[in-house]
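Report on the structure given below.
The values are calculated or read from the model by the stated rules, or taken from the named source; none is laboratory data. Fair warning: this is a prediction, and the values are worked out from it, not measured in the lab. Here Cβ is always computed from backbone atoms with ideal geometry, including for glycine, and neighbour counts include all displayed protein chains. Heads up: the accessible areas ignore ligands, DNA and RNA and are worked out on the full protein's heavy atoms, side chains in. Shrake-Rupley method; radii C 1.70, N 1.55, O 1.52, S 1.80 Å.
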Amino acid sequence: LEARKGPRLAVQALAHTPPDVRMVMASDGPQEESLKRLARRLGVLDRIDFRGRVPRDEFFDLLATSAATLFTGLREEGGASLAEAMFCGSPVVVLANGGARTVAAAATDPARVILVPPGGFRDTAERLGAAMTRFCREPSGADGPTLDKRDSQAAFRRVFEQTVRAAEDA
């Protein structure tokens, strides 16, 4: 739970969903207490399960059984967690930014991917919330990975090359 992963945006997005939509945060980090304060202020604290770090097997079970997995990384040039979710078959809601956009676009089942273009904070939170609600209301019924190994390797290669070019230009 650190700023570059966009957890404040995730909490804000939850505030734009119906009361029965819940969120699990399976991590910990320096922003946990401020996120709890924000969630309390927004009236959604009772809808977030702050689990802290969970064992890897439990994490993969969470991914495989969730209505959707939300990726709000603001400065994510990689996307390993996103790829893990897609390999587990979880539908994904992705802030269409950086490497996450590239990985999500390689999905073999685009119906289980919603790319949300970044914009103003409130508008983006509303669009993420709408996407979360859609997956909760309309489960895809499909299962199995949404990334093909060959396609995902090519996507990761593109992300790596973009990162190297960005570092060289800096």
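What to note about this one:
- Selection status of residue 124, at pLDDT below 95 and touching a Pro at 6+ places or on another chain (Cβ under 8 Å): no
- Residues of the range 109-145 classified as among the aliphatic types (A, V, I, L, M) and either open to solvent by 40 Å² or more (accessible area, probe 1.4 Å) or assigned to a strand (DSSP E or B) (or both), total: 7
- No other residue among 75, 4, 41 is open to solvent by 10 Å² or more (accessible area, probe 1.4 Å), basic (Lys, Arg) and not in a helix (DSSP H, G or I) apart from 75.
Per-residue answers, yes or no, for (1) in contact (Cβ under 8 Å) with a residue 24 or more places away in the chain; (2) open to solvent by 70 Å² or more (accessible area, probe 1.4 Å); (3) outside any helix (DSSP H, G or I); (4) of a type outside the set (A, V, I, L, M, F, W, C):
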site: 10; (1), (2), (3), (4): yes, no, no, no
site: 16; (1), (2), (3), (4): yes, no, yes, yes
site: 81; (1), (2), (3), (4): no, no, no, yes
site: 90; (1), (2), (3), (4): yes, no, yes, yes
